[in-house]
Amino acid sequence: MAKSSSSDAQALIRSLRSAYAATPTNLKIIDLYVVYAITTAVIQIVYMGIVGSFPFNSFLSGILSCVGTAVLAVCLRIQVNKENKEFKDLSPERAFADFVLCNLVLHLVIMNFLG
Amino acid sequence: MADPSEAKGEGSLRKAFGGVLGVFILLLIGTLAFSIRLFSVIKYESVIHEFDPYFNYRVTQFLTKNGIYDFWNWFDDRTWYPLGRVIGGTVYPGLTLTAGSIWWLLNNLNIPLSVETVCVFTAPIFSANAAWATYLLTKEVKGTGAGLTAAALLAMVPSYISRSVAGSYDNEAVAIFALIFTFYLYIKTLNTGSLFYATLNALSYFYMVCSWGGYTFIINLIPMHVLLCIVTGRYSSRLYIAYAPLVVLGTLLASLVPVVGFNAVMTSEHFASFLVFIILHVVAFVYYIKGILSPKMFKVAMTLVVTIGIAVCSAVLAILIALVASSPTKGWSGRSLSLLDPTYASKYIPIIASVSEHQPPTWPSYFMDINVLAFLVPAGIVACFLPLSDASSFVILYIATSVYFSGVMVRLMLVLAPAACIMSGIALSEAFDAFTRSIKFQLPKLFEASPSDAGDTNRGTQDEPTKVDNNTPTEKTEATVKERPSEKHRKKEKKKLEKGKEIKEKGKENADKVSNKPLNAKKLLVLPLEASAVAILLLIILGAFYVVHCVWAAAEAYSAPSIVLTSHSHDGLHVFDDFREAYAWLKHNTDVDDKVASWWDYGYQTTAMANRTVIVDNNTWNNTHIATVGTAMSSPEKPAWDIFNSLDVKYVLVVFGGLVGYSSDDINKFLWMVRIGGGVFPHIREPDYLRDGQYRIDAHATPTMLNCLMYKLSYYRFVETDGKGFDRVRGTEIGKKHFRLTHFEEVFTTHHWMVRIYKLKSPKNRIRGKSKKKTNPKTTSKINSNKNVKKNPWQ
């Protein structure tokens, strides 16, 4: 049982890796950006665990800015992905412009809330 | 070749004409929404109504006079004396900022409207905006026709009028517009998947958070809908784009508003949104993995993930539940808990239970407030299911939840009104569609002298009557009754019908929309001609009844400013302006720093109109302070004087309706004072004031009742009016008729005895008798309050 499950796991990981390698480069860049944002959020949470959450609004704005950019990047990825049938008549420039606008609003709010 | 292009040209001309007509209708709807709310201005005057709007008016005055930075940092020391109130941090700024900016804009354009005028007319302007927002929302759900109908219905629905007449300068005036607009942007994002609309949605949600405490409805309804979509298998990437940015941006924006602050992440009211956020990400990830893996591998992945995932999830859930359960209210605020458990408030928070707007509504109030819409809503719900889309499932969820909440609190009928209008608009629009289509189909038949394509149309018409005979040609107006039997028969005769239709199309010149539908796309319903014509007529009559009722409700029921009362007697119209008389007297005859004590109902009006410091007002955030005033009103004269003196009170104000029959006076509210006071100070016991469980003020009243301050201040010298002291509201003669006040002196009674103002007498200079016990009451109460053996902390 253990052997079959471990071999299953290995086969799974291999197929995941091969499937992911097939995605286009621009999507991979967006994925990298998402991973970076989430890592920053995790680092902030660890820091808060060590130091305490005193200026809570600063902590909140830091976490939510990371999570926010990650979410917006995922939305951009959804809209730019050529395999997505629903968005085939949305030009990638328009998607990126929306992404920039939303990020602008997000960071305006963050800067206001940072204290 | 000429025909298609001609048809196209004709089509685009019709479209353009339809567009212009639509814009014109929307303008008319806006004007209608604005003007139906002007009855109070015409019948009375351009004055601010009720109680809460006076506070908002005062805040707006401060904002326009001192600017926004002072407004954010304002600490108000003229209310809740001696505690004060941090206005910047406890008020929902949306309404005041909106009115303030309108005033500022108009003044900069050199239109010198006063702040009062802007405040009075803010609500009608925003109700016009709300009607347009309803049009946009319903258009996203069902189309332009439904949108226009829903907008017209919302412009007039009495429930919304009741809170947004000209003069009702309250949060809901702006908040309902923000609510509908936020929902519209959410549905638009869901339908188009555009991140631009998602940004606008978050900004509109921010405006809603600024405006009203009811924003928690949005932040719980939208996650509920997302969960519904996921569970019913309607997950799509547009759902992710519609929801995920809203949660992040929305939480941030909600935390920006000082009133909400960190509650946006720490109270249970927002947890649903975070939970669904996590669930949505899990689902999105699963779909993504499913997309890139082969089915066999996906199954392997699922088994692996599920085992690990369940372990992790249960651990996290256990921690979360432990955190939430550790707080006594499980993290919910009192008002939200009273919504979920309707009996909560009466058990634990008598103040919330005592507000008349927080009582459950009666059945007649549904017909009063949404009238005809009450039986169009089920038809609309059925219409939303054919076909079911993301947007229509949202509207169905909206109406279901709002019906539940409106059943808990009569004030929340206001949230039901837009949902009811949307549903009824959809129902009416679909009904009109079906009837006019039937008429349009069968009208050429009437005008054809003889059947031109004899054989074919005969076959077609033969199919029609067979189908028609099976229908019950009812002459009722309920669309559901019509659609259900015909739907059954429609399914049976579908093939015959469509063959008949195809043949009919060839024989006719004007191709209506039936011809545009392919064979298997839509099963269209055609009803007999006479029935359709009569049904359309009856629907129009139904609409006429609705309009008549709405105009009556706006004119008679909801236009009273309640600060000015009128009554019709045999010698004409009688106006009771006693409240303003009393506040004006206070303003002109007392010092600026004098403190006025009254029951909390009149606090806002006193600070706004009389410009005097009050002890408690309508904000009711401090139960103990209100209980102190309640105890004072329920105590005999000396203890009451002690309490008021300790609060530096100079004047006491009571409202008395016994002479003219005004039934919302303080004697009728007195039991609530006893209950609230008794909730904090146990020496006040409610049974002491009731004789055999009955509340009376006549000769059989209990001595505690006859000696309490409220009784004495209300009925002092009342026997001089008619010799017998007959109280018109309670319908009896009063119990104690001739008495003197020892610690208070009457300084003013208004013309109809409705407001009575008393002044605290200063303590005597020379104290006779038990001089050792009678020291300065101020220090006594402070020193002895902790180590007093007696239960009464005020002696």
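When its C-alpha radius of gyration is set against 2.2 N^0.38 Å (N residues), the range B:31-187 gives a value of 1.13.
In the neighborhood of B:Lys650, defined by Cβ-to-Cβ distances under 10 Å, what is the net charge if each Lys or Arg adds +1 and each Asp or Glu adds -1? The partial results should precede the final answer.
Numbers: positive: B:Lys595, B:Arg612, B:Lys759; negative: B:Asp591, B:Asp593, B:Asp594, B:Asp648.
Local charge sum for B:Lys650: -1.
For the range B:576-642, taking Cα atoms only, Rg and Dmax work out to 12.6, 34 Å respectively. Here the accessible area of the range B:46-174 is 59 percent carbon and sulfur, with a 1.4 angstrom probe and all protein chains present.
Suppose R0 equals 35 Å; then what is the FRET efficiency for B:Ser762 and B:Asn108 from their Cβ-Cβ distance, rounded to the nearest 0.05? Spell out each step's value before the answer.
Values: r = 51 Å, r/R0 = 1.47.
Once the sixth-power term is evaluated, E becomes 0.10.
How big, in percent, is the set of alpha carbon pairs in the range B:539-662 lying more than 24 Å apart? Here the long-distance tail beyond 24 Å is 46 percent of all Cα pairs in the range B:539-662.
A probe of 1.4 angstrom, applied to the heavy atoms of all protein chains, finds B:Glu556 with accessible area near 110 square angstrom. Dividing the Cα radius of gyration of the range B:636-774 by 2.2 N^0.38 Å, with N the residue count, gives 1.08. Note on B:399-411: average number of Cβ atoms from other chains within 10 Å of each residue's Cβ is 0.
For B:Asp594, the shell of other residues with beta-carbons less than 13 Å away shows a net charge of +3, using +1 for Lys and Arg and -1 for Asp and Glu. Here the dipole of the range B:1-153 is about 140 debye; that uses its Cα centre as origin and unit charges on the Cβ of Lys and Arg (positive) and Asp and Glu (negative). For chain A, modelled as a GNM whose springs connect Cα atoms under 10 angstrom apart, the maximal fluctuation among A:Asp98, A:Asp89, A:Asp31 occurs at A:Asp89.
One Cα centroid belongs to the range B:259-309, the other to the range B:61-130; the line between them spans 43 Å. Normalised per residue, the accessible area of chain A is 62 Å², obtained with a 1.4 Å probe and no contribution from ligands, DNA or RNA.
In units of the rule-of-thumb radius 2.2 N^0.38 Å, chain A shows an alpha carbon radius of gyration of 1.39. Only alpha carbons enter this Debye calculation for the range B:373-425, each as an equal point scatterer, and the log10 of I(q)/I(0) it gives at q = 0.14, 0.20, 0.22, 0.23 Å⁻¹ is -0.32, -0.62, -0.73, -0.79.
For B:Arg728 and B:Leu317, a Förster radius of 60 Å and the Cβ-Cβ distance give a FRET efficiency of 0.45, rounded to the nearest 0.05.
Taking every Cα-Cα distance in the range B:18-57 and sorting them into 5 Å bins starting at zero, the pair-distance distribution P(r) comes out as 6, 19, 14, 17, 14, 10, 9, 7, 3, 0 percent. Remark: accessible area buried at the A-B interface is about 2900 Å², both chains counted, probe radius 1.4 Å. For the range A:1-52, the equivalent ellipsoid built from the Cα gyration tensor has semi-axes of 31, 22, 4 Å, listed from largest to smallest.
From the alpha carbon centroid of the range A:67-96 to that of the range B:667-705 is 67 Å.
The values are calculated or read from the model by the stated rules, or taken from the named source; none is laboratory data. Keep in mind it's a predicted model, so treat the numbers as computed, not measured. Don't worry about glycine lacking a Cβ; one is built from the backbone with ideal geometry, like all the others, and counts go over all protein chains shown. Accessible surface is based on the protein model in full, side chains and every heavy atom, while ligands, DNA and RNA are left aside. Shrake-Rupley method; radii C 1.70, N 1.55, O 1.52, S 1.80 Å.
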